[in-house]
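Computed from the coordinates by the stated procedures, all read-outs in this text should not be read as laboratory data. Every value quoted in this text rests on a predicted model; they were computed, and no experiment measured them. Cβ sites come from the backbone with ideal geometry, for glycine too, and all protein chains shown count toward neighbours.
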Amino acid sequence: MAVANIHIRTESSLKAKAQDILSDLGLDMTTAINIYLNQIVHREAIPFEICKADDSLSRVESRKKRIIAIKNMLEDARKAENDLTDNDWEDMANLRSQTNAGFARTVNI
């Protein structure tokens, strides 16, 4: 296989930071760039999403809101469970025993 050289210009601080990270990963710059190029060929695309910073931030904010909503639902469910009395648990057990076996398996009370 013939080898080709690639010459690029980049900020020296960016290069140094990247080399430090790659070194921690046990890679050198050449190997990392070859991995990147192989991924481009394999995927026939850039191997990560490229978007405006605003788009990226809005997606992060959207994810944060969904996570908060899920946490709130879980907290509400825990509070509701803690609010149940022994009588409530007995009532649910009685209801379960009165239902047919198929329904009891499906509804997992």
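Using the scaling law 2.2 N^0.38 Å as the reference, what is the normalised Cα Rg of the chain?
Computed over Cα atoms of the chain, the ratio equals 2.13.
Quick one: helix 53-83 against the long Cα principal axis of the chain, what's the angle to the nearest 10°, folded into 0 to 90? Computed tilt is about 20 degrees. Axis angle, to the nearest 10 degrees, between helix 29-43 and the longest C-alpha principal axis of the chain: 60 degrees. In this Cβ point-charge picture (+1 for Lys and Arg, -1 for Asp and Glu), the chain has a dipole of about 480 debye about its Cα centre. Relative to the longest principal axis of the C-alpha atoms of the chain, give the angle of the C-alpha long axis of helix 12-24, reported between 0 and 90° and rounded to the nearest 10°. Between helix and principal axis, roughly 60 degrees. For the chain, modelled as a GNM whose springs connect Cα atoms under 10 angstrom apart, the maximal fluctuation among E11, E81, E61 occurs at E11. Label-to-label distance for I33 and R63 is 3.0 nm, based on points extended 7 Å past Cα in the beta-carbon direction.
If the segment from V3 to L22 were pulled out straight at 0.36 nm per residue, it would be longer than the present Cα-Cα gap by 4.6 nm. Computed from the Cβ-Cβ distance with R0 of 30 Å, the FRET efficiency linking L74 to L95 stands at 0.75. Under the combined filter of DSSP loop state and at most 14 neighbouring Cβ atoms within 10 Å, the range 21-88 retains these trypsin sites (Lys or Arg not before Pro): K52.
Based on DSSP H segments of at least four residues, each scored -39500 (n - 2.57), the chain has a per-residue ellipticity at 222 nm of -24000 deg cm²/dmol. In the chain, a dipole from Cβ-located charges (positive for Lys and Arg, negative for Asp and Glu) runs towards its positive end, and of I68, F48, W89 it is F48 whose Cα lies farthest in that direction.
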